[in-house]
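Chemist: Quick one: this structure, given as structure tokens, is what I'll be asking you about.
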Amino acid sequence: THLTNGLLAHVDKWSAGRLRPKRDKFFLWGHYYDPHDPYFTVPGYPAADNSDLSRYKAIARYVDDEIHKLVEGLKQRGLWKKTLFVLTADHGDEFYDHGHRFHGSTLYEEMTHVPLIMHVPETAPRTITTPIGQSEVAPTILDLVGVQIPKKFEGRSRSREVTTGETAAVEPVFLEVFPDSNYG
């Protein structure tokens, strides 16, 4: 709730011309860190039981509602129809699906198959089934907003696929694990 309110307050400052330098466009990034270990209890979002998985699911419902509030806030401010909105994650978590816990030790699907949801103004909704790697997200965003993609970026833009539905060639998606020092 604190993050959602802060993001919308920042949008309001921009709308009122109180940010410096003043611009006609803005970039806003929010990190909803809540669905991350340690899994806590969220008032109003009861977990089915006291397990980490149940608390994780309750936190995910809470964050989903907060993202809904953010989107509604953009709509109320008349910004939604001209906002590129991207929702993604850097990893999932394991709950002993393959004998492991948390993240940072494996590349099973529950760790790597994360959401990528984009609202692109004046673009019809569609589902893309060709795998999109994390290294393709930033080039796609830059391409969609008309910013030149730096040559040193390793990923390709998927903007044509996003905007037209034209299927991109299937290319390998590279993944790696950086062991998290918080877990043994």
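The values are calculated or read from the model by the stated rules, or taken from the named source; none is laboratory data. Here the structure is a predicted model, which is why all the values come from computation and not from measurement. Here Cβ is always computed from backbone atoms with ideal geometry, including for glycine, and neighbour counts include all displayed protein chains. For accessibility, only protein heavy atoms count, side chains too; no ligands or nucleic acids. Shrake-Rupley method; radii C 1.70, N 1.55, O 1.52, S 1.80 Å.
Chemist: I'd like the distance between the alpha-carbon centres of segment 17-89 and segment 95-142, rounded to an integer number of Å.
Modeler: If we compute the Cα centre of each part, the gap is 17 Å.
Chemist: If you plug each phi of segment 26-36 into the Karplus form 6.51 cos²θ - 1.76 cosθ + 1.60 with θ = phi - 60°, what whole-Hz ³J(HN,Hα) values come out, in order, with x for Gly and Pro?
Modeler: Running phi through 6.51 cos²θ - 1.76 cosθ + 1.60 with θ = phi - 60° gives 9, 10, 9, 10, x, 10, 7, 7, 3, x, 9 Hz.
Chemist: Go ahead and run the numbers for FRET between His10 and Tyr96, Cβ-Cβ distance against an R0 of 45 Å, rounding to 0.05.
Modeler: E between His10 and Tyr96, to the nearest 0.05, is 0.70.
Chemist: Now a separate question. Given axes a ≥ b ≥ c from the Cα gyration tensor, I'd like to know whether segment 49-184 is rounded (a/c under 1.5), prolate (a/b larger than b/c) or oblate.
Modeler: Numbers: a/c = 2.25, a/b = 1.29, b/c = 1.74.
Oblate is the answer for segment 49-184, as a/c is 1.5 or above yet b/c matches or exceeds a/b.
Chemist: With each label point set 7 Å from Cα along the Cα-Cβ vector, what nm distance links Thr41 and Ser54?
Modeler: About 1.1 nm separates the two model spin labels.
Chemist: Further question on the same structure: Taking a probe of 1.4 Å, how large is the accessible area per residue of segment 52-184, in Å²?
Modeler: Numbers: 8680 Å² over 133 residues.
That works out to 65 Å² per residue.
Chemist: Quick check: at a probe of 1.4 Å, how many percent of the accessible area of segment 29-146 sits on carbon and sulfur atoms? All intermediate terms of the calculation are to be shown ahead of the outcome.
Modeler: Details: 3870 of 7120 Å².
For segment 29-146, the apolar C and S fraction of the accessible surface comes to 54 percent.
Chemist: Lysines near Lys81 by alpha-carbon distance under 24 Å, same-chain residues fewer than 8 away left out - which ones?
Modeler: Output for Lys81: Lys13, Lys22, Lys25, Lys69.
Chemist: Do you know the relative contact order of the chain, to the nearest whole percent, from alpha carbon pairs under 8 angstrom that are 6+ apart?
Modeler: Details: 189 pairs, mean separation 28.2, N = 184.
Computed over the chain, the figure is 15 percent.
Chemist: Another question about this same structure. Please give the FRET efficiency for Arg18 paired with Gln148, using the beta carbon to beta carbon distance and R0 = 41 Å, rounded to the nearest 0.05.
Modeler: Calculated transfer efficiency: 0.90.
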